[in-house]
């Protein structure tokens, strides 16, 4: 199988890397993080100008007509730069749900996302949920004027600053059933909806939501009411693949930073990189990184599998492997940097914190190993 990039994919990769290298240094990132939104609005506009916000959307809807591989290239570059912008929340998750479950009028919003004038957040997690894709306790009931939604959501990535929110709510079935879930596209200022915005450990932002009698019309539902579970599960799998790519970008930067430190840090009159024990650890970091890169590619290729069970097993395997790799590379980087690696403001610590948060998002490595074991493991020859 030929894994080389096409000319179009190479252009996307190079344009993203160049933009971030030119405009996303550590000082700029700190400035973006200090804004009320927690990211750079000017960077968001630059992504739109480059066409990055429309990468996975159909050309007829204002996008570039790309797919998971193109998203992988963008997310890897974001991971390398520790980008703060809500690309995952708006483009991958929110845009993915609009593309897969929305009607014609709702899909027309993708052009506004691609233009950089609309941001979304998807509330997938609840305070007492297990983290499974379709574990939804928030309820929506019929009323004379449409729907009334009650419940709570937590750790909604970029939920505090999003223009619109996609709220999964149960309209039937048991709590973890795939069937019986409706996806509501709500204005972030809807009456009865309150948001508590806060910074997360990795410098990004999230929000807790409380829905107290929030009203919605039938026109606010993505697809048939009660049939949103399959789209939600698939888009979460796409989000996992994107996170795997972001983790590889972060690990790449961390590995390169550590190698450069070993070459320049002097001890006993020589660079510490000349000590054989440290050389062995640096080589092991590189091997682990390349294995993780292969698994991120496997995740991106597996997202297009239309068999839900097989796709989920592949994404579980990839997420578990990426989590282990991130922990190994992060811990080695901190230890090999010595006391410098423990400082809060040094870049190595920022990368490790982001990698830790990626591992916890949509289930940790342990969660995915357990799920994979219960499902019988991967098919023979699938990796």
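Scan 222, 243, 315, 254 and give me the residue that is crowded, with 21+ Cβ neighbours inside 10 Å and more than 25 Å from residue 356 (Cβ to Cβ).
Result of the check over 222, 243, 315, 254: 222.
Checking each residue in segment 292-307 for being surrounded by 14 or more Cβ atoms within 10 Å (Cβ to Cβ) and touching a residue at least 24 places away in the same chain (Cβ under 8 Å) picks out 292, 293, 295, 296, 297, 298, 299, 300, 301, 302, 303.
May I ask you to verify whether residue 161 is buried (at least 18 other Cβ atoms within 10 Å of the Cβ), in a loop (DSSP other than H, G, I, E, B), touching a strand residue (DSSP E or B) at 6+ places or on another chain (Cβ under 8 Å) and not assigned by TED's automatic domain parsing to the domain that holds residue 26?
yes
Scanning segment 1-58 for residues that are buried (at least 16 other Cβ atoms within 10 Å of the Cβ) and assigned to a loop (DSSP other than H, G, I, E, B) yields 24, 37, 38, 39, 40, 51, 55, 56, 57.
For (1) more than 14 Å from the chain's Cα centre (by Cα); (2) modelled with pLDDT of 95 or more; (3) in the same structural domain as residue 352 (by TED's automatic domain parsing), each residue gets a yes or a no:
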| site | (1), (2), (3) |
| --- | --- |
| 77 | no, yes, no |
| 131 | yes, no, no |
| 142 | yes, no, no |
| 151 | yes, yes, no |
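Residues that are assigned to a helix (DSSP H, G or I) and touching a strand residue (DSSP E or B) at 6+ places or on another chain (Cβ under 9 Å) were ranked within segment 257-287; the one that is surrounded by the fewest Cβ atoms within 10 Å (Cβ to Cβ) is 264. Can residue 190 be described as touching a strand residue (DSSP E or B) at 6+ places or on another chain (Cβ under 9 Å), at pLDDT below 95, surrounded by 13 or more Cβ atoms within 10 Å (Cβ to Cβ) and outside any strand (DSSP E or B)? No, not satisfied. Any residue in segment 215-225 that is farther than 30 Å from residue 306 by Cα, in contact (Cβ under 8 Å) with a residue 40 or more places away in the chain and under 17 Å from the mean Cα position of the chain (by Cα)? Scanning segment 215-225 turns up no residue that is farther than 30 Å from residue 306 by Cα, in contact (Cβ under 8 Å) with a residue 40 or more places away in the chain and under 17 Å from the mean Cα position of the chain (by Cα). With respect to the conditions (1) within 25 Å of residue 305 (Cα to Cα); (2) at pLDDT below 95, residue 89 falls short on a single one, namely (2). Per the conditions (1) over 24 Å from residue 157 (Cα atoms); (2) at pLDDT below 95; (3) assigned to a helix (DSSP H, G or I), the sole criterion not satisfied by residue 290 is (2). Evaluate the following for residue 66: is it under 17 Å from residue 242 (Cβ atoms), assigned by TED's automatic domain parsing to the domain that holds residue 90 and not in a helix (DSSP H, G or I)? Taking the combined requirement at face value, the residue satisfies it.
Just one of (1) touching a helix residue (DSSP H, G or I) at 6+ places or on another chain (Cβ under 7 Å); (2) surrounded by fewer than 15 Cβ atoms within 10 Å (Cβ to Cβ) fails for residue 184. It is (2). When segment 109-129 is limited to residues that are surrounded by fewer than 17 Cβ atoms within 10 Å (Cβ to Cβ) and closer than 14 Å to residue 210 by Cα, the one that is farthest from the chain's Cα centre (by Cα) turns out to be 128.
The values are calculated or read from the model by the stated rules, or taken from the named source; none is laboratory data. Note that the structure is a prediction, hence the values are computed from the model and not measured. Ideal geometry is used to build each Cβ from the backbone, glycine not excepted, and the neighbour counts take in all protein chains shown.
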